[in-house]
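The structure appears right after this line, and notes come after that.
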Amino acid sequence: MIDTEGLTKRFGSAVAVDGVTLHVDQGEVFGFLGPNGAGKTTTVRMLACLVSKSSGRATIGGRDISSASDQPKIRKMIGLLTENVGLYEELSAYDNLDFYGRYYKLGEQERKERIGYLLKMLELWEKKDAAAGTFEGDEAEAGD
Ligand SMILES: Nc1ncnc2c1ncn2[C@@H]1O[C@H](COP(=O)(O)OP(=O)(O)O)[C@@H](O)[C@H]1O
Ligand SMILES: [Mg+2]
(Lines give C-alpha, C1' and ligand atoms only; values in the text may rest on other atoms or scores of the structure.)
(Ligands and ions follow the chains in the order given, each with its own letter.)
Protein backbone atom coordinates (compact mmCIF):
# COMPACT_ATOMS: atom_id res chain seq x y z
CA MET A 1 0.00 0.00 0.00
CA ILE A 2 2.66 2.50 1.08
CA ASP A 3 6.17 1.95 -0.22
CA THR A 4 9.08 4.27 0.19
CA GLU A 5 12.73 3.88 -0.65
CA GLY A 6 15.38 6.35 0.46
CA LEU A 7 12.77 9.05 0.84
CA THR A 8 14.60 12.27 1.66
CA LYS A 9 13.68 15.89 2.29
CA ARG A 10 16.10 18.78 2.55
CA PHE A 11 15.17 22.30 3.57
CA GLY A 12 18.13 24.29 2.27
CA SER A 13 21.16 22.49 3.66
CA ALA A 14 19.20 20.92 6.54
CA VAL A 15 18.18 17.31 6.10
CA ALA A 16 14.70 16.92 7.60
CA VAL A 17 14.11 13.33 6.41
CA ASP A 18 17.11 11.18 5.69
CA GLY A 19 16.47 8.19 3.47
CA VAL A 20 13.31 6.59 4.86
CA THR A 21 12.55 3.14 3.48
CA LEU A 22 9.37 1.49 4.65
CA HIS A 23 6.53 -0.73 3.55
CA VAL A 24 3.00 -0.63 4.95
CA ASP A 25 0.42 -3.17 3.83
CA GLN A 26 -3.23 -2.45 3.22
CA GLY A 27 -5.14 -2.66 6.51
CA GLU A 28 -1.97 -2.52 8.57
CA VAL A 29 -1.83 -0.11 11.50
CA PHE A 30 1.62 1.38 11.38
CA GLY A 31 3.24 3.31 14.24
CA PHE A 32 5.80 5.82 13.06
CA LEU A 33 7.69 6.95 16.16
CA GLY A 34 10.63 9.21 16.79
CA PRO A 35 11.80 12.12 18.89
CA ASN A 36 10.79 15.67 18.18
CA GLY A 37 12.39 16.89 14.97
CA ALA A 38 13.05 13.36 13.70
CA GLY A 39 11.14 14.07 10.50
CA LYS A 40 7.84 12.26 11.10
CA THR A 41 5.57 15.11 10.09
CA THR A 42 7.66 15.97 7.05
CA THR A 43 7.53 12.32 5.93
CA VAL A 44 3.74 12.26 6.26
CA ARG A 45 3.48 15.60 4.42
CA MET A 46 5.52 14.19 1.55
CA LEU A 47 3.31 11.08 1.41
CA ALA A 48 0.21 13.30 1.40
CA CYS A 49 1.70 15.37 -1.44
CA LEU A 50 1.70 18.52 0.67
CA VAL A 51 5.43 19.03 0.24
CA SER A 52 7.72 17.74 -2.49
CA LYS A 53 10.45 15.20 -1.82
CA SER A 54 14.12 15.98 -2.45
CA SER A 55 15.12 12.46 -3.44
CA GLY A 56 14.18 8.82 -3.10
CA ARG A 57 10.78 7.53 -4.12
CA ALA A 58 7.39 6.72 -2.64
CA THR A 59 4.19 5.19 -3.91
CA ILE A 60 0.78 4.89 -2.30
CA GLY A 61 -1.46 2.24 -3.77
CA GLY A 62 0.96 2.15 -6.68
CA ARG A 63 0.65 5.88 -7.32
CA ASP A 64 3.79 7.96 -7.33
CA ILE A 65 3.92 10.98 -4.97
CA SER A 66 6.02 12.91 -7.47
CA SER A 67 3.74 12.31 -10.45
CA ALA A 68 1.61 15.38 -11.14
CA SER A 69 -1.23 13.18 -12.42
CA ASP A 70 -1.06 10.80 -9.42
CA GLN A 71 -0.96 13.54 -6.77
CA PRO A 72 -4.66 14.45 -6.86
CA LYS A 73 -5.55 10.74 -6.70
CA ILE A 74 -3.32 10.25 -3.68
CA ARG A 75 -4.80 13.29 -1.94
CA LYS A 76 -8.27 11.86 -2.49
CA MET A 77 -7.25 8.61 -0.77
CA ILE A 78 -5.85 10.28 2.32
CA GLY A 79 -7.53 11.69 5.41
CA LEU A 80 -4.86 13.51 7.36
CA LEU A 81 -5.21 15.05 10.79
CA THR A 82 -2.07 17.00 11.60
CA GLU A 83 -1.19 18.70 14.86
CA ASN A 84 -2.65 21.94 13.55
CA VAL A 85 -6.26 21.27 12.62
CA GLY A 86 -7.09 24.88 11.74
CA LEU A 87 -9.74 25.64 14.32
CA TYR A 88 -10.41 29.18 15.54
CA GLU A 89 -9.56 28.91 19.22
CA GLU A 90 -11.73 31.83 20.34
CA LEU A 91 -14.80 30.55 18.50
CA SER A 92 -17.02 27.90 20.06
CA ALA A 93 -17.17 24.35 18.74
CA TYR A 94 -20.51 25.21 17.16
CA ASP A 95 -19.28 28.42 15.54
CA ASN A 96 -16.17 26.74 14.13
CA LEU A 97 -18.36 24.23 12.31
CA ASP A 98 -20.78 26.94 11.29
CA PHE A 99 -17.89 28.94 9.80
CA TYR A 100 -16.66 26.00 7.75
CA GLY A 101 -20.21 25.15 6.75
CA ARG A 102 -20.66 28.67 5.39
CA TYR A 103 -17.30 28.40 3.69
CA TYR A 104 -18.59 25.32 1.85
CA LYS A 105 -21.78 27.23 1.07
CA LEU A 106 -24.17 25.00 3.02
CA GLY A 107 -27.57 26.58 3.70
CA GLU A 108 -28.59 27.53 7.22
CA GLN A 109 -30.88 24.55 7.77
CA GLU A 110 -28.36 22.05 6.47
CA ARG A 111 -25.62 23.60 8.62
CA LYS A 112 -27.82 23.31 11.70
CA GLU A 113 -28.59 19.67 11.01
CA ARG A 114 -25.06 18.63 10.23
CA ILE A 115 -23.52 20.52 13.12
CA GLY A 116 -26.03 18.91 15.47
CA TYR A 117 -25.35 15.48 14.01
CA LEU A 118 -21.57 15.84 14.25
CA LEU A 119 -21.38 17.34 17.73
CA LYS A 120 -23.76 14.71 19.10
CA MET A 121 -21.91 11.88 17.40
CA LEU A 122 -18.67 13.15 18.92
CA GLU A 123 -20.35 13.58 22.32
CA LEU A 124 -19.51 17.28 22.24
CA TRP A 125 -23.04 18.66 22.08
CA GLU A 126 -22.95 19.69 25.76
CA LYS A 127 -19.76 21.61 25.00
CA LYS A 128 -20.99 23.23 21.81
CA ASP A 129 -20.63 26.75 23.24
CA ALA A 130 -17.15 26.22 24.71
CA ALA A 131 -14.26 27.88 22.89
CA ALA A 132 -12.33 25.42 20.72
CA GLY A 133 -9.11 26.50 22.44
CA THR A 134 -10.33 24.93 25.68
CA PHE A 135 -10.61 21.46 24.14
CA GLU A 136 -7.92 18.87 24.68
CA GLY A 137 -5.78 17.30 22.04
CA ASP A 138 -4.75 20.15 19.81
CA GLU A 139 -2.63 23.31 19.92
CA ALA A 140 0.50 23.28 22.10
CA GLU A 141 1.19 19.60 21.47
CA ALA A 142 4.55 19.16 19.84
CA GLY A 143 4.00 15.61 18.64
CA ASP A 144 1.50 14.04 16.33
N1 LIG B 1 9.05 23.93 6.44
C2 LIG B 1 10.24 23.70 7.03
N3 LIG B 1 11.31 24.47 6.76
C4 LIG B 1 12.51 24.22 7.34
N5 LIG B 1 12.73 23.22 8.20
C6 LIG B 1 11.70 22.42 8.50
C7 LIG B 1 10.41 22.62 7.93
N8 LIG B 1 9.57 21.66 8.43
C9 LIG B 1 10.33 20.91 9.25
N10 LIG B 1 11.59 21.37 9.30
C11 LIG B 1 12.70 20.78 10.09
O12 LIG B 1 12.80 19.42 9.71
C13 LIG B 1 13.09 18.60 10.84
C14 LIG B 1 12.02 17.55 10.98
O15 LIG B 1 10.81 18.19 11.39
P16 LIG B 1 9.44 17.39 11.54
O17 LIG B 1 9.19 16.62 10.30
O18 LIG B 1 8.43 18.36 11.97
O19 LIG B 1 9.79 16.38 12.73
P20 LIG B 1 8.80 15.57 13.70
O21 LIG B 1 7.42 15.62 13.14
O22 LIG B 1 9.38 14.18 13.74
O23 LIG B 1 8.91 16.25 15.03
C24 LIG B 1 13.21 19.54 12.02
O25 LIG B 1 14.57 19.86 12.21
C26 LIG B 1 12.43 20.75 11.56
O27 LIG B 1 12.91 21.93 12.18
MG1 LIG C 1 5.63 16.27 14.03
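Summary table below
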{"item": "Peptides ranked, highest mean first, by Cβ atoms within 10 Å: ranges 84-91, 124-131", "result": "124-131, 84-91"}
{"item": "HIS23/GLU83 FRET efficiency (R0 25 Å; Cβ-Cβ; nearest 0.05)", "result": "0.50"}
{"item": "Rounded FRET efficiency, nearest 0.05, which uses the C-beta distance separating LYS76 from LYS128 and R0 of 22 Å", "result": "0.10"}
{"item": "Alpha carbon Rg of the chain, scaled by the compact-globule rule 2.2 N^0.38 Å", "result": "1.27"}
{"item": "Degrees separating the helix 93-103 axis from the principal Cα axis of the chain, which is the longest one", "result": "70"}
{"item": "Overall form of region 93-134 per C-alpha gyration tensor (a/c, 1.5; a/b vs b/c)", "result": "oblate"}
{"item": "CD proxy at 222 nm, helix term only [per DSSP H run n ≥ 4: -39500 (n - 2.57); per residue of the chain; nearest 500]", "result": "-8000 deg cm²/dmol"}
{"item": "Accessible area per residue, Å², region 38-123 with all protein chains present, probe 1.4 Å", "result": "67"}
{"item": "Whether region 31-96 is rounded, prolate or oblate, judged on the alpha carbon gyration tensor where a/c under 1.5 counts as rounded", "result": "oblate"}
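The values are calculated or read from the model by the stated rules, or taken from the named source; none is laboratory data. Because the structure is predicted, anything quoted here is derived from the model rather than measured. Quick reminder, even Gly has a Cβ in these numbers, built from the backbone with ideal geometry, and neighbours come from all protein chains shown. Keep in mind that these areas ignore ligands, DNA and RNA; they rest on the heavy atoms of the full protein, side chains included. Shrake-Rupley method; radii C 1.70, N 1.55, O 1.52, S 1.80 Å.
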